[in-house]
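Enquirer: So that we are looking at the same thing, I have put the structure below in structure tokens.
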Amino acid sequence: MSQNTGNTAAFIEAQQYSQFILQNLHDGLLPDTFTRDVSDFGTGTTLNIKTVGTATLQEVYEEQPLDYQSIDTGTVNLTITDYVGDGWSISDVLRQDGSQIDSLHAMRGVESTRALQEYFETRFLAVANAAQTSGNVNLVNGVPHRWIPDVGSDVFKMRLDDFRYMKHAFNKANSPQAGRIAIVDSSVEATINSLVTTTASTDFNPHFEGLVTEGFARDHKFVRNIFGWDIYVSNRLPAIASETIDASSYPMAAASESITNGVANIFMNVLDDNTRPIMRAWRQMPKTETERNFNLKRDEFDVTARFGLGAQRVDTLGVVITDPAVY
């Protein structure tokens with residue numbers, strides 16, 4: 001009698017598992033140099049940094065004394081606020097009976113570290129947005145540094161003009177030309193991509209033909225500089241539940257505008273420690289520890305980190321709020 005599927009069912013393993021383990025997809029992280037590192041702040045919970053204002057000149061008259069004036073001083077501070085981590089364990093029975101457990105353990109560690117990195121970046125961008133006053137144009141030397149686009153049919157959409165307006169705003173704030181970056185939502189890249197059409201002028205122009213096939217961004221960084229801005233794409237920008245800003249007396253908006261479910265696209269200068277608007281202090285960099293739990297017969301692992309973020313200046317910071325569903 002021949003062996004067949006009917007009389008040899010015990011040898012049929014219907015459920016098979018591949019040796020390949022499907023991993024999560026991750027976007028690119030922003031460079032660590034976008035914040036000022038003050039991690040030499042080694043004890044205590046709050047760091048105070050002195051600030052000095054500007055001097056004002058006065059007319060000088062013969063045989064008359066000068067009016068001796070004080071200069072404005074103040075402080076900005078940074079507080080250690082975030083203490084986060086992740087923990088997991090692997091039981092002895094799972095090691096004995098399971099398959100590819102070492103691979104699972106390695107990937108678990110990678111995902112925990114990645115989660116901490118994404119958390120830190122999300123907090124950094126949230127602190128940058130919170131450094132400005134919500135619902136206000138945040139004037140610096142008479143020029144807005146925060147607005148909602150509202151011109152013609154481009155309501156809630158980032159336009160090239162918004163990059164031009166923010167360049168003017170940073171110029172009036174005496175921000176250096178070098179080191180200017182914009183961190184924008186993916187919908188903004190889609191809007192910019194829509195400005196490029198396939199025509200003879202782009203098809204045969206070596207400076208533009210790549211844009212038609214690949215778009216403006218690669219690995220979450222724009223391949224072109226727009227009005228002096230190096231532009232990065234991030235999926236972790238702060239969400240704006242609702243906000244109203246009256247910028248009707250300025251060219252970037254035709255009227256007072258309200259937005260719901262928006263996203264804060266952040267502009268800043270990161271040339272050096274004196275221009276970076278946000279500072280950070282790591283009290284404990286991400287650290288992995290392990291121990292043996294003899295009672296539960298398992299190995300336990302955890303990764304933790306402790307840090308703080310704070311704003312040190314707002315004149316090198318700008319925000320344009322757009323609708324991520326409009327592009």
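The values are calculated or read from the model by the stated rules, or taken from the named source; none is laboratory data. Just so we're clear, the structure is a prediction, and the values are computed from it rather than from any experiment. Every residue, glycine among them, receives a Cβ derived from its backbone with ideal geometry; neighbour counts consider all protein chains shown. For the accessible areas, the whole protein counts, side chains as well, though only heavy atoms, and no ligand, DNA or RNA atoms are used. Shrake-Rupley method; radii C 1.70, N 1.55, O 1.52, S 1.80 Å.
Enquirer: Net charge near Thr133: determine it from the other residues with C-beta under 14 Å of the C-beta of Thr133, scoring Lys and Arg +1 and Asp and Glu -1.
Expert: Numbers: positive: Arg146; negative: Glu243, Asp246, Asp315.
Once positives and negatives cancel, what remains is -2.
Enquirer: Write out the chymotrypsin sites (Phe, Trp or Tyr not before Pro) in segment 32-128 meeting two conditions: DSSP loop, and at most 13 other Cβ atoms within 10 Å of their Cβ. Write down the numbers at each step before the final one.
Expert: Numbers: sites: Phe34, Phe41, Tyr61, Tyr68, Tyr83, Trp88, Tyr119, Phe120, Phe124; in loops: Phe41, Tyr61, Tyr68.
In loop regions of segment 32-128 (DSSP not H, G, I, E or B), the sparsely surrounded chymotrypsin sites (Phe, Trp or Tyr not before Pro) are Tyr61, Tyr68.
Enquirer: Carbon and sulfur: what percent of segment 26-133's accessible surface (1.4 Å probe)?
Expert: Numbers: 3700 of 7190 Å².
Here carbon and sulfur together make up 51 percent of the probe-accessible area.
Enquirer: Run through segment 238-307 and list the chymotrypsin sites (Phe, Trp or Tyr not before Pro) located in a DSSP loop whose Cβ has at most 10 other Cβ atoms within 10 Å. Could you put the intermediate results ahead of the total?
Expert: Working: sites: Phe267, Trp282, Phe294, Phe301, Phe307; in loops: Phe294.
Filter output for segment 238-307: Phe294.
Enquirer: Short version: ³J(HN,Hα) in whole Hz for each residue of segment 246-260, in order, from phi by Karplus 6.51 cos²θ - 1.76 cosθ + 1.60 (θ = phi - 60°), x for Gly and Pro, what are they?
Expert: Per residue, the Karplus-derived 3J(HN,Hα) values read 9, 10, 5, 8, 10, x, 7, 8, 7, 7, 4, 10, 10, 9, 10 Hz.
Enquirer: Taking the simple approach of a point 7 Å from Cα along Cα-to-Cβ for both Phe294 and Asp154, what is their distance in nm?
Expert: Inter-label distance under the simple model: 7.0 nm.
Enquirer: Also, quick follow-up: Give me the number: length gained by fully extending Ala254 to Asp161, i.e. 0.36 nm times residue separation minus the C-alpha to C-alpha distance, one decimal in nm. Could the numbers behind the result be given before it?
Expert: Values: separation 93, 0.36 × 93 = 33.48 nm, distance 1.33 nm.
That pair, Ala254 and Asp161, stretches by 32.2 nm at full extension.
Enquirer: Also: So for the pair Leu29, Ala325, with labels modelled 7 Å out along Cα→Cβ, what separation do we get in nm?
Expert: Using points 7 Å along Cα→Cβ, the separation is 3.3 nm.
Enquirer: Sticking with this one: If I stretch the segment between Asn225 and His168 completely, what's the gain in nm (0.36 nm per residue apart, minus their alpha carbon distance), one decimal? Please list the in-between numbers first.
Expert: Working: separation 57, 0.36 × 57 = 20.52 nm, distance 1.58 nm.
That works out to 18.9 nm of additional length.
Enquirer: Residue farthest toward the positive end of the dipole of segment 72-184, with Cβ of Lys/Arg at +1 and Asp/Glu at -1: which of Asn136, Phe120, Ile183?
Expert: Asn136
Enquirer: May I ask you to give the average projected area over all directions of the convex hull of the Cα atoms of segment 66-140, in nm² rounded to one decimal? Walk me through the intermediate numbers first.
Expert: On the way: hull surface 39.4 nm².
Directional mean of the projected Cα hull area for segment 66-140 stands at 9.8 nm².
Enquirer: Let me ask another. According to a simple spin-label model (label point 7 Å from Cα along Cα-to-Cβ), what is the distance in nm between Thr75 and Ser99?
Expert: 6.2 nm
Enquirer: Right, another one. Taking the Cα centre of segment 218-327 as the origin, how large is its charge dipole in debye, to the nearest 20, when only Lys and Arg (+1) and Asp and Glu (-1) carry charge on their Cβ atoms? Working shown, then result.
Expert: Details: 13 positive and 14 negative charges, 94 e Å.
So the dipole magnitude of segment 218-327 works out to roughly 460 debye.
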